[in-house]
Amino acid sequence: MEDLTQISKIPQELKHLVRIVKMYPRAEDEDFMGSVIATEDEQRIKKYFPTIKDFWKAALQQHKTPGKNPMAERIINSPRIPLKLEPLAEKARKYKTAKEFIRALGTPYGEIGDRSRTPVDIINMVRLGELDPISNYDIETQKDWLGRYTEYETPIPKTGKLTIYRATEGDKIRPGDYVTQSKEYAKLHLDAVLRGEGKVIELKNVELDELVVVNHNEFWYATKEIQQIKDLKSFWNLAQKKHLTKEERIKR
């Protein structure tokens, strides 16, 4: 048995259980911990940890330890902003200070019953090492998140890319938006939550590491580009240095 109790790194096959630990961070009773962990997951835990409680401690340590984001270093150390982030840079240039920009970007969208997160939330998840995309899981668990055994089941395409859907009063899917891989599930949300006000829109070719798990059939959309941002203050500063002309956009 590999003893991982003294480090914050959790084996890949146990990462989905960190979510449960976060829900009950003060749990002390071993029987209670066992009651919220499925039998098959308990067996997986015992491959790495002497007891469930030891796993609990390691998972909490991971939750408290900020994770590194190597993707973020690329944009901060780069002399220019990636083309796909240029629309966000344009928005940054509209504000006189980074503080104003961050406040605006962190404002919830405010649609009825919307469970979306803002770009600020997504960036903070990355910074803290808490981003939990479908790609973190094994194939069988991915199938569960994508609605296996439900009427909304969506097979994992060979390309590894999905079409996602959102019931909304808006006209586009933005970073942090609450989405689903099932058009029928989105229609259900449209009728039950938005009371038919709005429409279902779609976005194609979304990769599994851009879909953060919320629940079965439910995700937050976290683009690879937004995951590259280390912090918004640095991004705002970088955006002020360069304003691309139309010709420069075409060249890139």
Practice item. Report ³J(HN,Hα) in whole Hz for each residue of segment 180-197, in order, from the Karplus equation J = 6.51 cos²θ - 1.76 cosθ + 1.60 where θ = phi - 60°; Gly and Pro get x. Key: 9, 8, 10, 5, 5, 5, 5, 5, 4, 5, 4, 6, 7, 9, 8, 6, x, 8
Check your understanding: If we count other beta carbons within 10 Å of each Cβ, what is the order of Thr118, Thr51, Thr107, fewest first?
Key -> Thr107, Thr51, Thr118
Study note, to complete from the structure: Cβ density ranking, 10 Å radius, fewest first, applied to Asp54, Asp144 yields Asp144, Asp54
Review point. Label points 7 Å out from Cα along the Cβ direction at Gln12 and Glu140: separation in nm?
Key: 1.5
**Study point:** Extension gain, Gln240 back to Ala104 (0.36 nm per residue minus Cα-Cα distance, nm)
**Key:** 47.3 nm
Exercise for review: Sticking to Cα atoms, compute the Rg of segment 70-227 to one decimal and its Dmax as the biggest Cα-Cα distance, whole number, in Å.
Suggested key: 16.3, 51
Review point. At Arg195 and Lys172, where each label point lies 7 Å from the Cα along Cα→Cβ, what is the point-to-point distance in nanometres?
Key: 2.9
Point to revise | Theoretical FRET efficiency, 1/(1+(r/R0)^6), r = Cβ-Cβ of Glu202 and Ile156, R0 22 Å, to 0.05 | key: 0.80
Exercise for review: Provide the FRET efficiency to the nearest 0.05 for the Arg93-Lys53 pair, computing r from the beta carbons and using R0 = 45 Å.
Suggested key: 0.30
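Here, each number is a calculation from the coordinates, and none is a lab measurement. Predicted model only: the values in this text are computed from it and were never measured. Reconstructed Cβ throughout: ideal geometry from the backbone, glycine too, with neighbour counts over all protein chains shown.
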